[in-house]
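This report refers to the structure that appears directly beneath it.
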Amino acid sequence: MQLSRTVRTSLLLALCTAACASVSQANTSLPTVDQHQTGTQYSPLSQINAGNVAQLEKVWEYRAGDLPAEVNMQELISLQDQPTLIGDNLIVCSATRQLTALNPATGDVRWTFNPEISDAIATKKCRGIGNWTDIQAETGSECKTRLFLGTTDYRLIAIDANTGKRCSGFGDNGEVQMPPSKEELWPGEVAAGSNPTVINDVVVVGSSVADMQRADPPSGRVMAYDARSGEFRWSFDPVPRDASDPAMATWGKGTDSFGQGNVWSSMATDQALDLIYLPTTSASDDYYGGNRPGDNLYSTSVVALRGSTGEVVWHQQLVHHNVWDYDIPARPMLIDYPHNGEMVPALVQNTKMGMIFVFDRATGEPLVPIEERPVPQEGIVPGEVLSPTQPFPVGMPNVMPHSFSPEDTWGFTPIDAYLCKSAAEEYDYGPIYTPISEKGTIMMPAAGGGPNWGSGGYDPDSNIMVIPSNRVPMVAKLVPRAKAKETYEMNVEGLSMGFSNPGSDYALEMKPLMSPLGAPCSAPPWAALTAVDIVKKEIVWEVPLGSLKKMMPFGLDLLYGTPGAGGPLVTAGGLVFIGYTLDNSLRAFDIKTGEVLWEDELPFAGNSVPVTYEVNGEQYIVMPAGGHSMYTAKPGDAFVAYKLKK
């Protein structure tokens, strides 16, 4: 059985990475400022429920119209928006970061704002916006409620939420040009990748910094500005630069030559505590750290900062000396968690490793114990010094396998399985955190996860968190500089990709562990949806996520799971809505059992996060559907809305 080139390429790219009538009365339970900032992806709306979800029908579809008929699949194009209902406008953000205010009941356009980003910047995606209401401004005044948009050319723009016009009193004509820490190699090397976050009267912006393009990339510092004026307030660099910072002791020779550690995902805030929570990433290099011996604080950590000052209040590192590209990819989730007989304001952090960490969000104290466990050291490349242990949450189940060996290989046929086993035996392999070697190491979870930026959805009534994950192993190989090519490019036919990483002792080669038939050498599911009771610390159910029907000959409907991106929406109606997959489906699962109760085909893959709201007594579900070029899912521009049949 031969898989198409599309699915074979998708499996590679998905795993390398590693959001009117009287609407003023609308119930904006999700999304709202609070839900976006707490990351629960939960709505208390229950009009649409397990008993009637089969009656959902499409009621409108909006097309942004900002992509050409033939898109360049070599560009990074994805529609990852999580729309926001503000007042009587549903704000959507297209792949080119064009903002549009829609009538939430009809999908009709009210206004559009174009940030005018140069076409020279290849990355086209948007993970939503920040928003804020100025309580000091008079009712009806300009920009009393404003939207904050980050751009791929590293600007922060403030827009009036009612009119779509720039806020003239913010920065220079409504925008601030944020400064990279060093000159960029090309426009867009440093970008404001995800939605800005507002903590009281301060708007905070993370950054995405291009991986493996040089050994000394720009800093991944977080920038903060006054939400009214745009005046600079503070910055925080996850790679410490001040000799007086205690974290400097964890960087060996210092940090002058290192960058990244950035916050490319979304942040969470506790307004009452004046704390903003950062999920940070690995420092440069992603796969080799011989020049940065030590644990490398504050990289690959949850860092809590004082919103007013940027001061570090607490931090917890989740991967020491990260050389597996195991960034912290998901927005921290803020919930109430039972601990020692009382409910404690908590922070739940999902990770690419499929591990779930729980902390007291005021103090950083682990509410689920963490223990340091020995991890493999065999196969370390010359010059590398790895941490002998890594942190593991005690008793909490993983939502990913934590090892892979030739005995775990699989195939559609016995011959296929035999060839997969033979291929796996050529590489180093073992449990999670097995060193990346010159021979090549099978990574499970892969660098793209496991879970990724879409995170999970949490039901506070049942304590169930539902989270998607990719499950195909990757092979990562470090190539000594003397043997490395000057330029590495993606080889689609050979299903491999490489990064020359100038200035580093090592270049990198990566590929999925695939059979000659083009299927992963791991057993299905190749993506899964897992429900975890995070209080009882047990898996409630797990199901494959996605069908191969659009990728297999003759449309065979094999529920083997497909690589994907995005996250779930959980509702009080007992439902989990999720796109994620490459089969272009939006599904509703029963949160109690994992049974699919409803499914509809989208115009493009729904590699984002669905949202829900209520208008005039009717509940709507809206799914951004725009595919993802890195998954070879055709990029698109659709937002699709559903409600119950009358």
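See the values below:
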| item | result |
| --- | --- |
| Inter-label distance, nm, simple model (7 Å from Cα along the C-beta direction), residue 114/residue 226 | 3.3 |
| Distribution of pairwise C-alpha distances over region 96-197, 5 Å bins, in % | 2, 12, 21, 23, 19, 12, 6, 3, 1, 0 |
| Pair residue 242, residue 592: separation of 7 Å Cα→Cβ label points (nm) | 5.4 |
| Rg/Rh (Cα only; Kirkwood hydrodynamic radius) as it applies to region 465-607 | 1.08 |
| Using θ = phi - 60° and Karplus 6.51 cos²θ - 1.76 cosθ + 1.60, couplings along region 48-62 (whole Hz; Gly, Pro as x) | 8, 9, 4, x, 10, 4, 5, 8, 5, 9, 6, 10, 7, 9, 10 |
| Percent RCO, i.e. relative contact order, over region 33-128, from Cα pairs under 8 Å lying at least 6 residues apart | 26 |
| Computed over region 545-646: relative contact order in percent, which uses C-alpha pairs under 8 Å that are six or more apart | 19 |
| Tail weight of P(r) past 48 Å, computed on alpha-carbon pairs of the chain, percent | 7 |
| Debye log10 I(q)/I(0) at q = 0.09, 0.18 Å⁻¹ for region 294-427, Cα point scatterers | -0.38, -1.08 |
| Charge tally in the Cβ shell below 10 Å around residue 405, where Lys, Arg are +1 and Asp, Glu are -1, residue 405 excluded | -2 |
| Hits among lysines - C-alpha to C-alpha of residue 537 under 22 Å, sequence gap 8 or more where chains match | 352, 592 |
| Neighbour-limited loop hits for GluC sites (Glu not before Pro), region 366-425 (at most 12 other Cβ within 10 Å; DSSP other than H, G, I, E, B) | 378, 425 |
| Cα centroid of region 532-599 to Cα centroid of region 48-78, whole Å | 17 |
| Between region 406-462 and region 159-188, the alpha-carbon center distance in angstrom | 41 |
| Convex hull (Cα only) mean projected area of region 211-354, reported in nm² to one decimal | 9.7 |
| Radius 12 Å from Cβ of residue 265, net charge of other residues (Lys, Arg +1; Asp, Glu -1) | +2 |
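Readers should treat all values here as calculations from the given coordinates under stated rules, not as data from a laboratory. Just so it is clear, the structure is predicted and the values come from calculations on it, not from any experiment. Note: ideal-geometry Cβ built from the backbone for every residue, glycine included; neighbour counts use all protein chains shown.
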